[in-house]
1. Considering only segment 8-44, state which residues are farther than 24 Å from D74 by Cβ and surrounded by 16 or more Cβ atoms within 10 Å (Cβ to Cβ).
2. V96 passes all but one of (1) crowded, with 19+ Cβ neighbours inside 10 Å; (2) outside any loop (DSSP other than H, G, I, E, B); which number fails?
3. Just need a number here: residues in segment 3-30 that are without any contact (Cβ under 8 Å) to a residue 24 or more places away in the chain, of a type outside the set (A, V, I, L, M, F, W, C) and closer than 19 Å to V70 by Cβ.
4. Starting from residues that are in contact (Cβ under 8 Å) with a residue 12 or more places away in the chain and in a helix (DSSP H, G or I), keep the ones in segment 167-179 and report whichever is farthest from the chain's Cα centre (by Cα).
5. Hey, S158 hits all of (1) over 15 Å from E101 (Cα atoms); (2) of a type outside the set (V, I, T); (3) without any contact (Cβ under 8 Å) to a residue 12 or more places away in the chain; (4) out of contact with any helix residue (DSSP H, G or I) (no Cβ under 6 Å at 6 or more places or on another chain) but one; which does it fall short on?
6. What are the residues in segment 55-85 that are at pLDDT below 95 and either among the charged types (D, E, K, R) or over 14 Å from the mean Cα position of the chain (by Cα) (or both), if any?
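The values are calculated or read from the model by the stated rules, or taken from the named source; none is laboratory data. The shown structure was predicted, so the numbers you read here are calculated from the model rather than taken from an experiment. Virtual Cβ from ideal backbone geometry, glycine too; neighbours counted across all protein chains shown.
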Amino acid sequence: MIIRKLFKFENAHVVRGCSTQRCRASIHGHSYKVEVLFESQYLDNGQMIYDFGLMKRGMKELIDSFDHGVAIWDGDDAEYIASMKEHSNRWVILPVSPSCEQFSRVLFLMLDRLLGSTQMINGEQGVKLHSIIVHETETGYAQAFEEDAYSELMGVISLESIVFSHEVREGWSDSRLWEKMLSGEVFMNPETV
């Protein structure tokens, strides 16, 4: 069975190297919709695959890190990167260009790492991230599966290369969330949310 949770955020970016002149040459924004799909063959003590309320914690915070900010490719022009950081309190530096495709891969890797580090306590079994769908517009989206997120053909994405601005980190319930995730620290689900 598959369940789906929808998240939303507003973000600006430039996608260098793409065919569309406006996208590669001008900073522009989108109202993103992110669908997070989980799968399992089992139900927990509440007869759910994974309680939607649990997703409002770390998962929502990670996705919300991009809200009202600018996504910046670390391979972009150094002057552009410096200017974006100077003129925006909320930014995320990514090791890939912030295309819709790469956003879906990055978010898959982030949430997969968090899910894999989470100790579940309500009878959840076999819960796995099925895919991430990132809607950049009403008519266009990208969907990443595990094989896409970890694909060497599409370029390996290092989570350790992602940098969140101070303002983004201060918005998390635990400002060390990212460091804890990267180090493999175990996150314990609460008994109630």
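1. Of everything in segment 8-44, those that are farther than 24 Å from D74 by Cβ and surrounded by 16 or more Cβ atoms within 10 Å (Cβ to Cβ) turn out to be K33, E35, V36, L37, F38, S40, D44.
2. With respect to (1) crowded, with 19+ Cβ neighbours inside 10 Å; (2) outside any loop (DSSP other than H, G, I, E, B), V96 is out only on (2).
3. Total satisfying the criteria: 6.
4. Taking segment 167-179 as the starting set, the residues that turn out to be in contact (Cβ under 8 Å) with a residue 12 or more places away in the chain are 167-168, 171-173, 177-178.
In the following step, the residues that additionally are in a helix (DSSP H, G or I) were identified as 167-168, 177-178.
Values: E167: 17, V168: 13, L177: 13, W178: 12 Å.
This residue is E167.
5. S158 satisfies every listed condition except (3).
6. Once the filter is applied, which keeps residues that are at pLDDT below 95 and either among the charged types (D, E, K, R) or over 14 Å from the mean Cα position of the chain (by Cα) (or both), segment 55-85 yields K56, R57.
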